[in-house]
Amino acid sequence: MLTCMDSQSRTLSLSFPKGITITIHSAFDSVISNLTHDFVSFLSAEPVASPSLKVEILNLALLPEKRIGFRVFRSSTRWSRNGEQCVRFFGKAELKYHFNRGYAKVVATEPDLAYEMVYSLILSYVGERLDLVGWHRIHGLGVDINGKGALVLAPSGGGKSSLGFEFLKIPNAKWLSDDVPLVSCKSEMLAWPLRFSFREKPADRSLKLRRFRRERYPEKFVLSAEQFQGKIRQFSKVDYLVRYRKLSHGSAKIKRLYPRNMVWPLFKWLVIGYETPQIAELFLRPSFSDMTQKTKILKGRLATMRHLLTHAKLLEVSAPTPRAGAEALASVLS
């Protein structure tokens with residue numbers, strides 16, 4: 001039998017686009033603090049009476065040994081007949097989750113792991129709900145100058161966060177998302193301003209950074225969107241679709257691309273959803289209704305990819321430093 005160590009709970013309410021709301025009750029103060037730092041742009045002014053998703057986090061001294069279902073990385077998953085998923089992470093935390101009924105219960109032995117689980121859960125849940133109404137997350141950087149928008153694609157570790165951070169130092173520059181902007185089949189972008197995350201700690205000591213320790217990946221340094229509230233643009237067209245590359249030397253370069261050059265990046269980062277925090281343990285559910293939902297999502301993502309390829313101007317920006325890349329990108333938009 002599992003015994004809760006702390007009956008006291010802290011509560012956080014979040015409100016996302018398209019009327020999606022989430023309430024989190026946590027026995028860990030640090031989990032609420034970290035989630036507030038991450039989702040400061042989506043804090044609800046008042047408690048949500050009937051949230052779309054209700055999350056409860058319990059603190060346990062010890063998680064009993066259990067083997068369940070199939071394994072993904074260092075987690076294992078099983079499903080019940082009523083559609084509930086049970087996911088065991090790293091042998092130290094467990095999540096029971098029902099997407100359609102809108103509830104999740106997390107039990108964990110340590111706050112860092114509970115936080116990481118709930119962070120991924122929130123992004124997965126909200127991302128799937130937005131997918132179903134035609135707004136799709138893509139692994140990229142969304143920026144804007146004077147109403148002209150650019151969606152910048154690069155692999156994880158490719159310098160998008162550093163590029164976006166430098167871009168905001170340019171007059172009239174705005175941002176929509178550092179990591180996963182929302183795009184529609186009409187080549188529109190909707191703001192998703194979570195935070196900036198860096199693999200290496202920025203030299204600027206005035207920044208209020210927080211360490212993000214992860215079980216599966218190296219730690220990052222994260223910067224809350226609160227420090228850039230005045231630089232957020234809520235909506236923009238994707239006028240330019242940009243592939244960004246870091247150079248080892250030389251000067252910044254801009255060149256035109258053809259649709260065939262961007263097919264694979266869009267298919268990988270938009271259609272498949274590679275490198276978006278929508279992990280297989282939470283997104284895939286073996287049922288007929290889920291197959292129908294996923295087919296609808298796939299069609300929407302393919303339509304969005306097709307519209308981006310035919311309506312946005314396709315460019316490649318290469319630069320030896322983030323500052324040079326930001327100036328080159330700004331020269332295109334302005």
**OP:** State, to one decimal in nm², a quarter of the convex hull surface area for the C-alpha atoms of the range 186-237, i.e. the direction-averaged projected area.
**Re:** 5.1
Original post:
Can you give the Rg to Rh ratio for the range 276-334, taking only C-alpha atoms and Rh from Kirkwood?
Top reply: 1.22
Original post:
What dipole magnitude, in Debye to the nearest 20, does the chain give about its Cα centre under +1 on Lys/Arg Cβ and -1 on Asp/Glu Cβ?
Top reply: 1060
Original post:
According to a simple spin-label model (label point 7 Å from Cα along Cα-to-Cβ), what is the distance in nm between Leu284 and His249?
Top reply: 4.5
**OP:** Report the percentage of all Cα-Cα pairs in the chain whose separation exceeds 35 Å, rounded to a whole percent.
**Re:** 22
**OP:** Could you bin all the Cα-Cα distances of the range 117-158 into 10 Å bins starting at 0 and give me the percent of pairs in each, rounded to whole numbers?
**Re:** 23, 36, 37, 4
Original post:
Hey, how many Å between the Cα centroid of the range 98-176 and the Cα centroid of the range 188-248?
Top reply: 9
Subject >> Burial ranking of peptide ranges 129-139, 308-318 (average Cβ count within 10 Å, highest at the top) >> reply: 129-139, 308-318
**OP:** On a 0 to 90° scale, report how tilted helix 288-311 is relative to the longest principal axis of the chain, with both axes built from alpha carbons and the result rounded to the nearest 10.
**Re:** 10
Subject >> Antiparallel DSSP beta bridges within the chain, percent to nearest 5 >> reply: 70
**OP:** Specify, per residue and in Å³, the volume enclosed by the convex hull of the alpha carbon atoms belonging to the range 220-326.
**Re:** 171
**OP:** Taking the Cα centre of the range 159-281 as origin, sum charge times position over the Cβ atoms of Lys and Arg (+1) and Asp and Glu (-1), and report the length of that vector in debye to the nearest 20.
**Re:** 380
Original post:
Hey, if you drop one equal point scatterer on each alpha-carbon of the range 89-172 and run the Debye formula without solvent, what base-10 log of I(q)/I(0) do you get at q = 0.21, 0.23 Å⁻¹?
Top reply: -1.01, -1.07
**OP:** Among Phe228, Tyr240, Ile254, pick out the residue whose Cα is farthest towards the positive end of the charge dipole of the range 223-262, where Lys and Arg carry +1 and Asp and Glu carry -1 on C-beta, about the Cα centre.
**Re:** Ile254
**OP:** May I ask for the Kirkwood hydrodynamic radius of the range 138-274, worked out over all distinct Cα pairs and given in angstroms to one decimal?
**Re:** 15.7
Subject >> the range 213-262: proportion of alpha-carbon pairs further apart than 18 angstrom, % >> reply: 67
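Quick note: the coordinates plus some simple rules give every number you see, no bench work behind them. Remember, predicted model here, so these are calculated numbers, not experimental data. All Cβ positions, glycine included, derive from the backbone under ideal geometry; neighbour counts span all protein chains shown.
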